[in-house]
Amino acid sequence: QVQLVESGGGLVQPGGSLRLSCAASGSINRIYAMGWYRQAPGKQRDLVAVFTSGGITRYTDSVKGRFTISRDNAKNTVYLQMNSLKPEDTAVYYCNLEVTTTPAGYLEVWGQGTLVTVSS
């Protein structure tokens with residue numbers, strides 16, 4: 001069983017910053033990808049940032065230069081540093097991991113979501 005615990009969301013003014021964290025626990029053999037998605041009311045869940053295989057990072061165009069994804073392998077934790085926040089960044093943010101475990105094998109695991117509200 002693999003579990004993700006997200007934290008760091010909240011209310012922030014436009015131009016402000018937040019850092020989201022997602023800590024993974026359980027019998028993880030290998031992590032293949034770690035990423036952040038977001039979903040606004042009435043919209044689909046979209047990719048924000050991800051570590052792809054080989055450690056390459058990718059970002060959706062709307063957050064490039066403002067958001068940074070990072071990880072601490074020793075803690076099995078992934079972070080999303082969000083700077084220069086805009087009202088259109090308001091959404092529930094979800095952590096996603098692709099892992100292999102014993103005995104389940106490949107798993108895609110989602111965090112519970114953390115709400116980010118950008119408003120004056």
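The values are calculated or read from the model by the stated rules, or taken from the named source; none is laboratory data. All of these numbers come straight from a predicted model, not from anything done at the bench. A quick note on method: Cβ atoms are made from the backbone with ideal geometry, for glycine too, and the neighbour counts reach across all protein chains shown. The area values use the complete protein model at the heavy-atom level, side chains included, leaving out ligands, DNA and RNA. Shrake-Rupley method; radii C 1.70, N 1.55, O 1.52, S 1.80 Å.
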Item to complete: Work out, step by step, the length gained on full extension between residue 39 and residue 104: first 0.36 nm times the residue separation, then minus their alpha carbon distance; give nm to one decimal.
Response: 20.6 nm
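When the dipole is taken about the Cα centre of the range 1-72, and only Lys, Arg (+1) and Asp, Glu (-1) are charged at their Cβ, what size is it in debye, to the nearest 20?
So the magnitude is around 120 debye.
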Discussion item. Looking at the calculated P(r) for the range 1-48, what percent of the C-alpha pair distances fall above 13 Å?
Written reply: 71
Worksheet entry | Debye, to nearest 20: dipole size of the chain, +1 on Lys, Arg Cβ, -1 on Asp, Glu Cβ | 160
Worksheet item: Under a Cβ-Cβ cut-off of 10 Å, what is the net charge of the residues other than residue 118 that fall near it, where Lys and Arg count +1 and Asp and Glu count -1?
Response: -1
Worksheet item: the range 1-28 to the range 69-91: how many Å between their Cα centroids?
Response: 7
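Accessible area per residue, 1.4 Å probe, Å², for the range 37-93: what's the number?
57
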Worksheet item: Once Lys and Arg get +1 and Asp and Glu get -1 on their Cβ, which of 70, 113, 90 lies farthest toward the positive end of the dipole of the range 49-117?
Response: 70
Practice prompt. With r as the distance between the Cβ atoms of residue 81 and residue 120 and R0 = 25 Å, compute the FRET efficiency 1/(1 + (r/R0)^6) and round to 0.05.
Written response: 0.70
Worksheet item: Where in the range 84-108 does the amide nitrogen come within less than 14 Å of the point 7 Å from the Cα of residue 27, taken along Cα to Cβ?
Response: 100-107
Discussion item. Let me check something: with ligands and nucleic acids excluded, how do 93, 106 order by accessible area (1.4 Å probe), largest to smallest?
Written reply: 106, 93
Worksheet entry | Solvent-accessible area, 1.4 Å probe, carbon plus sulfur percent, for the chain | 46
